[in-house]
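One structure coming up, written as structure tokens, with questions to follow.
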Amino acid sequence: MLQTLGNVAENAYLCNMENTFKIRTYGRMELAQLYCPDVQPKTAWRKLKEWIDYYPHLNEKLSLLGRTTCTRTYSPPQVRAIVEALGEP
């Protein structure tokens with residue numbers, strides 16, 4: 001029963017998250033600028049990249065979801081992983 005309540009709470013969180021921030025494909029600069037709107041796009045990208053590298057296991061999770069060093073976009077599952085780790089922009 002407790003595990004079921006946990007799943008319900010997690011689903012409610014994810015539904016709420018999608019109501020306030022749309023989970024969709026984002027360009028890496030586009031997503032970075034949502035997290036750091038007051039800096040230049042290149043600086044925003046470097047900051048987001050630092051946060052991804054700093055957060056435990058996020059880099060590995062994104063790689064498992066298909067991100068490579070050449071990737072210029074984040075797929076919806078990758079965006080969801082970033083938002084779950086870092087919070088909404």
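Would you mind checking which residues have amide H under 5 Å from TYR26's amide H? H placed 1.01 Å from N; only 5 or more apart, or other chain.
Under 5 Å from the amide H of TYR26: TYR74.
Per-residue HN-Hα couplings for segment 28-33, Karplus 6.51 cos²θ - 1.76 cosθ + 1.60 at θ = phi - 60°, whole Hz, x for Gly and Pro?
4, 5, 4, 5, 4, 5
Here's a follow-up. With a sphere of radius 11 Å drawn around the Cβ of THR73, what net charge do the other residues whose Cβ falls strictly inside it have (Lys, Arg +1; Asp, Glu -1)?
Values: positive: ARG24, ARG28, ARG67, ARG72; negative: GLU30.
Net local charge, THR73 excluded: +3.
None of the figures in this text is laboratory data; all of them are computed from the coordinates on show. Being a predicted model, the structure only gives us computed values, none of them experimental. As a convention, Cβ positions derive from the backbone with ideal geometry for all residues, glycine included, and neighbour counts pool all protein chains shown.
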